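Inspection log for the structure reproduced underneath, given as structure tokens.
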Amino acid sequence: MCGIVGYLGQKEAYPILIKGLHRLEYRGYDSAGIALINGGLNVYKRKGKVAELEAFVKGKDISGPIGIAHTRWATHGEPTDENAHPHMSQSKELSLIHNGIIENYDVLRNELINRGYTFNSHTDTEVLVYLIEDIQKNEGVELSEAVRIALNQVIGAYAIVILSKNDPDTLIAAKKGSPLVIGIGEDEFFIASDATPIVEYTKEVVYLNDEEMAVIRRNNDLRIKTIKNQDKTPYIQTLEMNLSQLEKGGFEHFMLKEIYEQPRSIMDSMRGRLNAKKGIVSLGGIIDYEQKMVAANRIIIIACGTSWHAGLVGEYLFEDLARTPVEVEYASEFRYRNPVIYENDVVIAISQSGETADTLAAIELARSKGATILGICNVVGSSIARATDAGSYTHAGPEIGVASTKAFTAQVTVLTLMALRIAQLKGTLSKSRFQQILFELESIPEKVEKTLKVSKRVITIAEEFCQVRNFLYLGRGYNFPVALEGALKLKEISYIHAEGYPAAEMKHGPIALIDEEMPVVFIAPLKGVYEKVISNIQEVKARRGKVIAIVTEGDHAVSEMADYTIEIPETEEMLVPLLATIPLQKLSYHIALMRGCNVDQPRNLAKSVTVE
Ligand code: F6R
């Protein structure tokens, strides 16, 4: 999604802004632009990557100690130079960058056209900057007041930063729905969509809340008020992130680095929460809500994409271990289908970024019906983390690769801990069985480390299948969500069509697709319904499909039938997803690489989906 960077201080803004845009590239975008004031207001923007913007500004005036910059992920209007941000007001005095969607932009645009304005782009953003200028001129108010009045007229989501040629000492920012964070340095301020462009300059930040605006002036002058004109005291927080987490650390891609970080990210997600020897599972963030979870008639999990797949694993975990009924909902469907929610339902929202617009809206809906809402988020201080009653962070560290990897396994880890804790409180597991699972969970980071060593095998399989057009992923029980996640990873980064199914569903339709060209990935560990999965594999072999099987070390039956096998260490059934996912991530990675795809920034995708 769009990325925002702003700077006001004593240094040259351009290098800081460009570096900031590079840091935000992971969010996904299709054009970039920058506005700087040094006497005049200079605006440069280009379709394509930030590097193209850098080439375009060579030899041009890029000086000035104040500026704003933007990467755009197209919503209204194609990715073109004209539609790129920043957008200027009619008089060319104001310049604005925006993340979000102004839903009533068409009405506002027509009103402005009737008043004689002409537009240069097809964006909702240009409408907003024209509206602000129109208010400023007609009502004779200061810029910040004009911004406030305009924001009361717009419907939709926004994070904006605006600068004025006539006031080179001020930046105005505001947000609703889309994230915005302000970094406070020594005589300087930074603004960004997330903390990644800020962390190398300062750790002191203020996250704006919805419908808040900040007026930032030189000499450490930061004022925050709501768009209803109520003053707010800035709440300064300290970032936990560090710079090395945002760099590739010797890996060719962020995605590969993040795949290899999983022993650590799973460990970090368990750190201080699990002590198998003493039989303790404790999640500090939800301690006050444990009794609500114990008493809950139902848990509803809301999420999107990969986080939704983690939620599906959560369904098996809570039902199996804690005997609590679970429904897993796509947040985008839940929010619009008038769901039945009772006050004693516990809703768990799962989100890596903590900014997904559909998940946020689903939380608001659940809240309006009186449910308790818990969050599982990776980004500390994110909108979803703040919108929930309580929650547990995943501690996976920043995930920069657009395709989610370590966030998924961290989410499954936290869901496992939660389900175990509720099982303990409800007494649905015997003490010895409970402790047995805890010991096994403690050994998972080591087993993930071992699983990561399958590269050679995975590369051979990737070479064989990297040119096919379709893939099928099949698994049962806990491994059905793993099949879905494996298929999603492959289609996201390699653009090969892939579908995940519960293995037994194959005969109800997808079996028609099987022929000698069709690779079928089976997640077939020596657990649960192993025998049944063997029958499903036979059905594929009988139709000459190619079988790639994820099997437990020492497996014979499946290995004899499959064309290729990848071994994972033996573990408890409910923990298999934490291991079986790893080779599937690596398979997608290598196939994408062999097809020449941009692994870290796949086409059309955004890391944090802040529009619905
Ligand atoms: C897949 C992926 C997406 C996200 C989805 C939800 O690799 O990254 O499917 O999982 O957009 O995002 P979060 O978890 O940030 O709410």
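The eigenvalues of the Cα gyration tensor, multiplied by 5 and square-rooted, give the chain an equivalent ellipsoid with semi-axes of 45, 27, 22 Å from largest to smallest.
With the simple spin-label model, which puts each label point 7 Å out from Cα in the Cβ direction, the ARG386 to THR226 separation comes to 1.3 nm. Packing-based ranking of 313-322, 144-153 yields 313-322, 144-153, ordered from highest to lowest mean Cβ neighbour count within 10 Å. Under conditions of 20 °C and 1.002 mPa s, the stretch 248-451 yields 126 µm² s⁻¹ as its translational diffusion coefficient, taking Rh as the Kirkwood radius over Cα pairs in the Stokes-Einstein equation. Given R0 = 45 Å, the distance between the Cβ atoms of GLU539 and GLN245 translates into a calculated FRET efficiency of 0.50.
Local charge for PRO325 was computed over the other residues whose Cβ lies under 14 Å away, with Lys and Arg +1 and Asp and Glu -1, and equals -3. For the stretch 441-538, the set of trypsin sites (Lys or Arg not before Pro) satisfying both a DSSP loop assignment and a count of at most 16 other C-beta atoms within 10 Å is given as ARG469. Packing, as the average of other Cβ atoms within 10 Å across residues, places the peptides 90-101, 245-256 in the order 90-101, 245-256, highest first.
Given a 1.4 Å probe and the protein chains as shown, SER164 ends up with an accessible area of around 10 Å².
Counting only lysines at least 8 places from LYS257 when in the same chain, those with an alpha carbon closer than 18 Å to its own are LYS248, LYS406, LYS447, LYS450, LYS453, LYS456, LYS489, LYS586, LYS607.
Expressed as a whole percent, the proportion of Cα-Cα pairs in the stretch 453-598 lying more than 19 Å apart is 44%.
Accessible area per residue, 1.4 Å probe, Å², for the chain: what's the number? With all protein chains present, the chain gives 38 Å² per residue. Once the Cα-Cα distance is subtracted from the 0.36 nm per residue extended length, the HIS497 to LEU513 segment shows a gain of 4.5 nm.
The charge dipole of the chain, taken about the Cα centre with unit charges on the Cβ atoms of Lys, Arg (+1) and Asp, Glu (-1), comes to about 640 debye, rounded to the nearest 20. Scaled against 2.2 N^0.38 Å for its residue count N, the alpha carbon radius of gyration of the stretch 3-244 is 0.92. For the pair SER430 and GLU319, a Förster radius of 22 Å applied to the C-beta separation gives a FRET efficiency near 0.80, rounded to the nearest 0.05. The order of the peptides 265-272, 225-232, 134-141 by mean Cβ neighbours within 10 Å, most packed first, is 265-272, 134-141, 225-232.
Projecting the Cα atoms of ILE172, VAL402, ILE135 onto the charge dipole of the chain (Cβ charges, centred on the Cα centre) puts VAL402 farthest toward the positive pole.
All other residues whose Cβ lies under 15 angstrom from that of GLU355 are scored, Lys and Arg at +1 and Asp and Glu at -1, for a net of -1. Taking the protein heavy atoms of the chain in the context of the full set of protein chains, the accessible area attributed to carbon and sulfur is 48 percent at 1.4 Å. Look at where the Cα atoms of the stretch 266-331 and of the stretch 129-152 average out, and the two centres are 47 Å apart.
Taking only Cα atoms, what is the 0 to 90° angle, nearest 10, from helix 13-24's long axis to the longest principal axis of the chain? Compared with the principal axis, the helix lies near 20 degrees.
A Förster radius of 25 Å combined with the Cβ-Cβ distance from GLU560 to ILE459 puts the calculated FRET efficiency at roughly 0.60. Where only DSSP H runs of four or more residues are counted, the chain gives -11000 deg cm²/dmol as its mean residue ellipticity at 222 nm, each run worth -39500 (n - 2.57).
The values are calculated or read from the model by the stated rules, or taken from the named source; none is laboratory data. These numbers come from a predicted model, not from an experiment. Methodologically, a virtual Cβ is constructed for each residue, glycine included, from the backbone with ideal geometry; neighbour enumeration extends over all protein chains shown. Just the protein is used for accessible areas: all its heavy atoms, side chains included, with ligands, DNA and RNA removed. Shrake-Rupley method; radii C 1.70, N 1.55, O 1.52, S 1.80 Å.
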